[in-house]
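Asks: First, the structure itself, so that you have it in front of you.
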Ligand SMILES: Cc1cc2nc3c(=O)[nH]c(=O)nc-3n(C[C@H](O)[C@H](O)[C@H](O)COP(=O)(O)OP(=O)(O)OC[C@H]3O[C@@H](n4cnc5c(N)ncnc54)[C@H](O)[C@@H]3O)c2cc1C
């Protein structure tokens, strides 16, 4: 824990200590198990449900813990110390899609979906990206046409996390091309399975094999009228609001992974001897550790400032982008230094440090690439001057 940012309250410190124990104890070999299975095992889902780590932000009336974004970020940070993939189980039940339902959904949607997310029966995915709409998400082409009783959905989404392991999708679709992202995109809840919905391709990433990205094809999928989240035409705003929080989530898991890499690198440097002395005695190694510790503290500061501002009633926007941009780039630098300190031990196939290095590379792209974060930040700078 950084000397600059002690936990703000006993509650937060207690939550962190409890999570740290779980991550270092019961969950310690889960990343390796996931490498073998390629997915969360039913036992992992059950343990997460028993420990109250599913649907943590969902209201207590639906079986969740009603936690704040700050508490959720802390959970993600601590889970990611073992592997960012562990944090995915919590985010798929408490992140983008669940929070959009909690905030903008109808009572019927909440009754139907939220409890299944908190008790482990369902995981959700968030489907925005398309082959012709990545960074430029507003140019999406997936279309929902109004038909009797609902919508007919056609199109392709790709690079969707958990597409092949979820029971619920929130899909952003164009409902009025003439209006584009300003009133022409609607958020739709789609059950899995649904007639006409197919996961047509699944790619493993360079990270843990369990983090797959799927292509989803919608061919005349019928979506009932009651499955529109929020107002018709307001889907892009819902997506952007969700992504703001998602960026703090990603920043937090980069922070946790980086902090754990620093601890591993320091421990290794103390134990490994070269030329008659521990690596930790060498200034070149100490400087790497010092740079990592400083950058980790800076990332923590950005995340906490964004949370402070949000809790004071200001919108996330650029502050979430700054935290995500800095934390994801910082974590990759910290991972690179950790690999360097481990020498060949850091690059052999089963090296935990090497695995995290590969995992962390994903986060400079997912949830909006670094260049897109810079666009958001620059837009805010220019608007303010
Ligand atoms: C691990 C991971 C998980 C993901 N999960 C999901 C998910 O669950 N749901 C979902 O909808 N999507 C998901 N995505 C997709 C992700 O949102 C997109 O990959 C991302 O938005 C970038 O889009 P793209 O890959 O098409 O890159 P492109 O948009 O083709 O961009 C390619 C590169 O060019 C840069 N670039 C683009 N435009 C500009 C510009 N104007 N100026 C300067 N640089 C530019 C980008 O920053 C990027 O580096 C995930 C991606 C990853 C890697």
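The values are calculated or read from the model by the stated rules, or taken from the named source; none is laboratory data. All values derive from a computational prediction rather than experimental measurement. Note that each Cβ is placed from the backbone with ideal geometry, even for glycine, and that neighbours are counted across all protein chains shown.
Asks: Output yes when any residue across the range 207-216 is out of contact with any helix residue (DSSP H, G or I) (no Cβ under 9 Å at 6 or more places or on another chain), in contact (Cβ under 8 Å) with a residue 40 or more places away in the chain and surrounded by fewer than 18 Cβ atoms within 10 Å (Cβ to Cβ), and no when none is. Talk me through it step by step, then tell me what you get.
Replies: The initial filter retains those residues of the range 207-216 that are out of contact with any helix residue (DSSP H, G or I) (no Cβ under 9 Å at 6 or more places or on another chain), namely none.
No, because not a single residue in the range 207-216 is out of contact with any helix residue (DSSP H, G or I) (no Cβ under 9 Å at 6 or more places or on another chain), in contact (Cβ under 8 Å) with a residue 40 or more places away in the chain and surrounded by fewer than 18 Cβ atoms within 10 Å (Cβ to Cβ).
Asks: Here is a follow-up. Residue check, residue 299 against (1) within 19 Å of residue 16 (Cβ to Cβ); (2) touching a residue at least 60 places away in the same chain (Cβ under 8 Å); (3) crowded, with 16+ Cβ neighbours inside 10 Å, all met but one. Which one?
Replies: Every listed condition holds for residue 299 apart from (2).
Asks: Let me ask something additional. Of all residues in the range 175-200 being out of contact with any helix residue (DSSP H, G or I) (no Cβ under 9 Å at 6 or more places or on another chain) and in a strand (DSSP E or B), which is farthest from the ligand (Cβ to nearest atom)?
Replies: 198
Asks: Does any residue of the range 72-95 turn out to be farther than 26 Å from residue 358 by Cα and not assigned by TED's automatic domain parsing to the domain that holds residue 359? If you could, list the steps in order and put the result at the bottom.
Replies: At the first step, the residues of the range 72-95 found to be farther than 26 Å from residue 358 by Cα are none.
No, that holds for no residue.
Asks: Let me ask you something else. Without any contact (Cβ under 8 Å) to a residue 40 or more places away in the chain and in a helix (DSSP H, G or I): which single residue out of 36, 26, 20 fits that description?
Replies: On the way: 26 fails: in a helix (DSSP H, G or I); 20 fails: without any contact (Cβ under 8 Å) to a residue 40 or more places away in the chain.
So the residue among 36, 26, 20 that is without any contact (Cβ under 8 Å) to a residue 40 or more places away in the chain and in a helix (DSSP H, G or I) is 36.
Asks: When you scan the range 324-332, do you find a residue that is more than 16 Å from the ligand (Cβ to nearest atom), modelled with pLDDT of 95 or more and buried (at least 21 other Cβ atoms within 10 Å of the Cβ), even just one? Outline the logic, then answer.
Replies: Going residue by residue through the range 324-332, those that are more than 16 Å from the ligand (Cβ to nearest atom) are 330.
After this cut, where a residue has to be modelled with pLDDT of 95 or more as well, the list is 330.
Okay, now just the ones that are also buried (at least 21 other Cβ atoms within 10 Å of the Cβ), so 330.
Checking the range 324-332: at least one residue is more than 16 Å from the ligand (Cβ to nearest atom), modelled with pLDDT of 95 or more and buried (at least 21 other Cβ atoms within 10 Å of the Cβ).
Asks: Give me the residue from the range 140-165 that is touching a residue at least 12 places away in the same chain (Cβ under 8 Å) and closer than 21 Å to residue 106 by Cβ and, out of that set, surrounded by the most Cβ atoms within 10 Å (Cβ to Cβ).
Replies: 144
Asks: If we keep just the residues of the range 203-224 that are under 19 Å from the mean Cα position of the chain (by Cα) and assigned to a strand (DSSP E or B), which is nearest to the ligand (Cβ to nearest atom)? Even if it seems obvious, please write down each step before you answer.
Replies: Here is the first cut: in the range 203-224, the ones under 19 Å from the mean Cα position of the chain (by Cα) are 203-215.
Next cut, assigned to a strand (DSSP E or B) only: 203-204, 212-215.
Details: 203: 10, 204: 11, 212: 9, 213: 6, 214: 9, 215: 11 Å.
Once the filter is applied, the top-ranked residue is 213.
Asks: Shifting gears a bit: Search the range 111-122 for residues being crowded, with 18+ Cβ neighbours inside 10 Å and without any contact (Cβ under 8 Å) to a residue 60 or more places away in the chain, and hand back the single one that is nearest to the chain's Cα centre (by Cα).
Replies: Kept after step one, since they are crowded, with 18+ Cβ neighbours inside 10 Å, are these residues of the range 111-122: 113-114, 116-118, 120, 122.
Right, trim to without any contact (Cβ under 8 Å) to a residue 60 or more places away in the chain and you get 114, 116, 122.
Working: 114: 19, 116: 20, 122: 17 Å.
Across the range 111-122, the extreme among qualifying residues is 122.
Asks: Among the candidates 314, 337, which residue alone is surrounded by fewer than 19 Cβ atoms within 10 Å (Cβ to Cβ) and either away from the ligand (no atom under 16 Å from the Cβ) or touching a residue at least 40 places away in the same chain (Cβ under 8 Å) (or both)? Steps first, answer last, please.
Replies: Working: 337 fails: surrounded by fewer than 19 Cβ atoms within 10 Å (Cβ to Cβ).
Going through 314, 337 in turn, the sole match is 314.
Asks: While we're here: For the range 123-140, give me the residue count where each residue is outside any loop (DSSP other than H, G, I, E, B), within 9 Å of the ligand (Cβ to nearest atom) and farther than 30 Å from residue 53 by Cβ. Please lay out each step first, then the result.
Replies: Taking the range 123-140 first, the residues outside any loop (DSSP other than H, G, I, E, B) are 124-127, 130, 133, 137-139.
Within this subset, residues satisfying the condition of being within 9 Å of the ligand (Cβ to nearest atom) are 125-127, 130, 133, 137.
Those still in the list that are farther than 30 Å from residue 53 by Cβ too: 130, 133.
Looking only at that region, the number is 2.
Residues are listed down the side, and each one gets a yes or a no for (1) under 27 Å from residue 301 (Cα atoms); (2) surrounded by fewer than 18 Cβ atoms within 10 Å (Cβ to Cβ):
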residue: 5; (1), (2): yes, yes
residue: 26; (1), (2): no, yes
residue: 39; (1), (2): no, yes
residue: 46; (1), (2): no, yes
residue: 53; (1), (2): yes, no
residue: 58; (1), (2): yes, no
residue: 104; (1), (2): no, no
residue: 108; (1), (2): no, yes
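Asks: Exactly one condition in (1) within 24 Å of residue 266 (Cβ to Cβ); (2) touching a helix residue (DSSP H, G or I) at 6+ places or on another chain (Cβ under 7 Å) is not met by residue 321; state its number.
Replies: Evaluating residue 321 over (1) within 24 Å of residue 266 (Cβ to Cβ); (2) touching a helix residue (DSSP H, G or I) at 6+ places or on another chain (Cβ under 7 Å) leaves (1) as the failure.
Asks: Return the total of residues in the range 252-290 being loosely packed, with under 15 Cβ neighbours inside 10 Å and either within 30 Å of residue 69 (Cβ to Cβ) or not assigned by TED's automatic domain parsing to the domain that holds residue 319 (or both).
Replies: Counting residues in the range 252-290 that are loosely packed, with under 15 Cβ neighbours inside 10 Å and either within 30 Å of residue 69 (Cβ to Cβ) or not assigned by TED's automatic domain parsing to the domain that holds residue 319 (or both) gives 1.
For (1) away from the ligand (no atom under 14 Å from the Cβ); (2) not in a helix (DSSP H, G or I), each residue gets a yes or a no:
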position: 92; (1), (2): no, no
position: 109; (1), (2): yes, no
position: 115; (1), (2): yes, no
position: 157; (1), (2): no, yes
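Asks: Can I ask one more? Hey, could you check the range 141-155 for residues that are at negative phi and part of a loop (DSSP other than H, G, I, E, B) and say which is nearest to the ligand (Cβ to nearest atom)?
Replies: Of everything passing the filter in the range 141-155, 142 is nearest to the ligand (Cβ to nearest atom).
Asks: If you don't mind, there's one more thing I want to ask. Just a yes or no: is a residue in the range 355-369 over 28 Å from residue 127 (Cβ atoms), surrounded by 16 or more Cβ atoms within 10 Å (Cβ to Cβ) and either touching a strand residue (DSSP E or B) at 6+ places or on another chain (Cβ under 7 Å) or assigned by TED's automatic domain parsing to the domain that holds residue 246 (or both)?
Replies: Kept after step one, since they are over 28 Å from residue 127 (Cβ atoms), are these residues of the range 355-369: 357.
If we keep only those that are surrounded by 16 or more Cβ atoms within 10 Å (Cβ to Cβ) too, we end up with 357.
If we keep only those that are either touching a strand residue (DSSP E or B) at 6+ places or on another chain (Cβ under 7 Å) or assigned by TED's automatic domain parsing to the domain that holds residue 246 (or both) too, we end up with 357.
Yes, the conditions are met somewhere in the range 355-369.
Asks: Still on this structure: Looking at the range 356-376, can you tell me whether even one residue there is at pLDDT 95 or above and more than 15 Å from the ligand (Cβ to nearest atom)?
Replies: Within the range 356-376, not a single residue is at pLDDT 95 or above and more than 15 Å from the ligand (Cβ to nearest atom).
Asks: Taking the range 94-107 as the region of interest, how many residues are closer than 18 Å to residue 40 by Cβ and either more than 16 Å from the ligand (Cβ to nearest atom) or without any contact (Cβ under 8 Å) to a residue 60 or more places away in the chain (or both)?
Replies: 2
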